[in-house]
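A quick write-up on the structure given underneath.
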Amino acid sequence: MTIEAILKEDIQKAIQTNFEIAADEILLQPTKKEFEGFYTFVTFTLTKTTRRSPVEIGQIIGNYLNENSRIVESFNVVQGFLNINLKDTTWLDLFGEIISDGSFGTFPSNGQSVMVEFSSPNTNKPLHLGHLRNNFLGDSLSKILKASGFDVVKTCLVNDRGIHICKSMLAYRELGGGETPESSGIKGDHLAGKYYVKFDVEYKKQIAELVAQGMSDEDAAKKAPWILEAQRLLLLWEKGDAETVALWQKMNNWVYQGFSVTYNKIGVNFDKTYYESNTYLLGKDIIEEGLKQNVFFKKEDNSVWIDLTEEGLDEKLVLRGDGTSVYITQDLGTTELKNSDFHNDRYLWVVGNEQDYHFKVLFGILKRLGRPYADGCFHISYGMVDLPSGKMKSREGTVVDADDLVDQMVKTAESRTQELGKIDDFASDEARKLYNQLALGALKYFLLKVDPKKRMLFNPEESIDFQGHTGPFIQYTYARIRSIARKAEQAGIAAVVPPATYQMHQAERELVFALAQYPTKVMAAANEFAPSIVSLYAFELAKVYNQFYAEVSIFSDPNPEAVQFRIALSSVVSETIRKALGLLGIEVPERM
RNA sequence: GGUUUCGUAGCUCAAUUGGAUAGAGCACCUGACUACGGAUCAGGAGGUUUGGGGUUCGAAUCCCUACGAGACCA
């Protein structure tokens, strides 16, 4: 039973015995910094039922706790707020539990499994900053869910076919001159992206020519030779034309090689990858099934629809009149496939909030179809990463490329580290590893600290910080503690929890309090699908430790109990930082 | 046109889901022991939470309205 649970129970008893009313669930909040205490109970909620003043209620409950609770040391009442202090023995017992719990913050299996689909790139362009937010969120969420007790399957659905892929194929066929990643020295995904851009340039030129000849913009966009040819390529591909398929395979393989370099660099991987080229025909049988069940209906042009107005949505097309699929058709099929492959209890999609409506429709249809897994489907909707100029647009060249950004971060980490000159004795591969850890620590933290639902801003003019509320700040705290641990080991000082007679320092109490929050934060992050909760916690813990570090002396305290205790505290803090950052996909360095 | 999300310090973000005098970081000022690592710590300044109404013991949070920004559906 946690301290908080005991305290809530004691408050409940206080209310029952003093006011003779049944108390609902007790809500506690951490006491604000400017007041004395650790936990605060708000008494306003009881004024009506008890017909007493907020202060009076606080006094009565406080007095009861003082006399009857075995964990409460003292209290004070400010207006309607009852602030509570705990006994040192309570803190010490709590810390004793934490330090002896090898799996602190990791929950036992809950017997449920969850699939997290994320990343889901297009094979016509390299990954950019927006993909990074997606990847980091998906990866971190997977780790958080695992820590909270789920079995996790990470999947990726690659968008490897369609008209956009044919565009880059066409441009390459016409303008590529047999160029390859090897011959050009260009990474495969960037090479494909280059031809996607070239297509667009040529296409625009053709439109302009047609417009100059008197055609309307709209018609010109439909009649330009290259768009017609791209459409023809798509049909050829669908028929399995050998030459087209070969070109498609060749270019896609380049892209996959490029992607794998990037995924490797950012430390992201998947248990299973689905390819749209294998799944794009799925879903049509589900449309048939839905028609029979009268979930769907046909219009005169033979197109199939669903009426979701009862759910507050519109009528929605699920199959075109000519029998071809729309996105939702494929998604229905792919979801069915995932379920028959893995039989998970939950399915998550990490996809940008521009598709909020799409997923509402998808889940609405799954419910109407009576799919048992429909209630376990969640859209992890995240906000776009904006630039100061607005949205990233590949056609306007304002896209922040993932590879470039990571490389630039590594360089910044390198120069910053060398300025400080603390690792001059490192071997070069050791140093390179450190630069990568710091670069990714800064980048991942930057993207994960913000509530996923909110859109956020990235300014390419300002490099991502290494000081203040950043990944490296937390990594630094870890490295510094490790330095202390090495010194303690050398001096033969053990980590020991002091006896009940020990007089605690306020900074020590605050540290134990901060540590005790960790499991709650992990659970909250899992429930709310929000790695930002873990991010903010890790920062808070590091900050509390740094205050402790500045305030008390660890090695030169005359009391050996204090020294041993502080070594123990430090070591648990470093472990908790390591775990918390681990949930964000961020590694910690021993030195930096 | 319909639907929807958002607007918090100069900038980037918090605010325990309706609770205290709205908090951090960056940037800007002032300080820090011969200290165990200064990528740190302590302090200062910075706010009519876009404007206006309402609900109540209490609103950044809920409702209405105006303005502004984004997204989606054709």
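The values are calculated or read from the model by the stated rules, or taken from the named source; none is laboratory data. In this text, all values refer to a predicted model and were calculated from it rather than measured experimentally. Virtual Cβ from ideal backbone geometry, glycine too; neighbours counted across all protein chains shown. Remember, those area values only see protein heavy atoms, side chains included, never the ligands or the DNA or RNA. Shrake-Rupley method; radii C 1.70, N 1.55, O 1.52, S 1.80 Å.
Put a dot 7 Å past each Cα toward the Cβ at A:Q12 and A:Q490; how far apart are the dots in nm?
5.2
Quick query: amide H of A:V152 versus all other amide H atoms, modeled in the peptide plane; which residues come in under 5 Å with a sequence gap of 5 or more or a different chain?
A:V114
Tabulate in residue order the Karplus-calculated ³J(HN,Hα) for segment A:297-313, using 6.51 cos²θ - 1.76 cosθ + 1.60 with θ = phi - 60°, rounded to whole Hz; enter x for Gly and Pro.
Computed from phi, the couplings for segment A:297-313 are 9, 9, 9, 4, 7, 6, 6, 10, 9, 10, 9, 10, 5, 5, 7, x, 10 Hz.
Tell me the per residue accessible area of chain A using a 1.4 Å probe; a whole number in Å² is fine.
Accessible surface, normalised per residue, equals 47 Å².
Between A:E288 and A:K367, what FRET efficiency follows from the Cβ-Cβ distance if R0 is 22 Å, with the result rounded to 0.05?
My answer for the efficiency is 0.75.
For the charge dipole of segment A:402-583, defined by +1 on Lys and Arg C-beta atoms and -1 on Asp and Glu C-beta atoms about the Cα centroid, which residue among A:I577, A:V497, A:N546 has the Cα displaced farthest towards the positive pole?
A:V497
Which value, in debye to the nearest 20, gives the size of the charge dipole of chain A about its Cα centre, when Lys and Arg are +1 and Asp and Glu are -1 at the Cβ?
Magnitude of the dipole: close to 240 debye.
To the nearest 10 square angstrom, how much accessible area does A:K422 have with a 1.4 angstrom probe?
Rounded to the nearest 10, that gives 100 Å².
Longest span of chain A, sites excluded, free of GluC sites (Glu not before Pro) in DSSP loop with at most 16 other C-beta atoms within 10 Å?
Answer from the scan: A:301-460.
For chain A, build the charge dipole from Cβ charges (+1 Lys, Arg; -1 Asp, Glu) around the Cα centre, then report which of A:P372, A:G58, A:Q257 sits farthest towards its positive end.
Final value for the positive-end residue is A:Q257.
When every alpha-carbon pair in segment A:501-592 is counted, what percent end up more than 15 Å apart?
Percent of Cα pairs beyond 15 Å in segment A:501-592: 61.
For labels at A:K393 and A:E561 in the simple 7 Å Cα→Cβ model, what's the distance in nm?
My value for the distance between the label points is 6.9 nm.
Residue-wise, which Karplus ³J(HN,Hα) couplings in Hz belong to segment A:314-329, taking 6.51 cos²θ - 1.76 cosθ + 1.60, θ = phi - 60°, and x for glycine or proline?
Using θ = phi - 60°, the values come out as 9, 6, 9, 6, 10, 7, 6, x, 7, x, 8, 7, 10, 3, 5, 4 Hz.
To the nearest 0.05, what FRET efficiency results for A:Q249 and A:T106 with a Förster distance of 60 Å applied to their C-beta separation?
After rounding to 0.05, the efficiency reads 0.90.
Here is the link list: A:K194/A:K316; A:K454/A:K543; A:K338/A:K433; A:K187/A:K444. Which ones come out longer than 27 Å on Cα distance?
A:K194/A:K316; A:K338/A:K433
Please turn the phi angles of segment A:355-372 into ³J(HN,Hα) values with the Karplus equation 6.51 cos²θ - 1.76 cosθ + 1.60 (θ = phi - 60°), one per residue in order, whole Hz, x for glycine and proline.
For segment A:355-372, the Karplus-derived couplings read 10, 3, 5, 3, 6, 4, 5, 4, 5, x, 5, 4, 5, 4, 6, x, 5, x Hz, x marking Gly and Pro.
Once fully extended, how much extra length lies between A:D404 and A:T2, figured as 0.36 nm per residue of separation less the alpha-carbon to alpha-carbon distance?
Going from the current span to full extension adds 140.1 nm.
Quick check: at a probe of 1.4 Å, how many percent of the accessible area of chain A sits on carbon and sulfur atoms?
The computed percentage sits at 50.
I'd like the FRET efficiency for A:K453 and A:E315, computed as 1/(1 + (r/R0)^6) with the beta carbon distance as r and R0 of 35 Å, rounded to 0.05.
Result of the calculation: an efficiency of 0.80.
Could you give the length gained by full extension between A:E67 and A:S483, i.e. 0.36 nm per residue of separation minus their alpha carbon distance, to one decimal place?
Gain on stretching A:E67 to A:S483: 145.3 nm.
Taking 28 Å as the cut-off for C-alpha to C-alpha distance, list the pairs among A:K250/A:K272; A:K33/A:K422; A:K146/A:K272 that go past it.
A:K33/A:K422
Place +1 on the Cβ of every Lys and Arg and -1 on the Cβ of every Asp and Glu in chain A, take the dipole about the Cα centre, and give the residue among A:I227, A:F107, A:L127 whose Cα lies farthest towards its positive end.
Sorting the options by dipole projection puts first A:I227.
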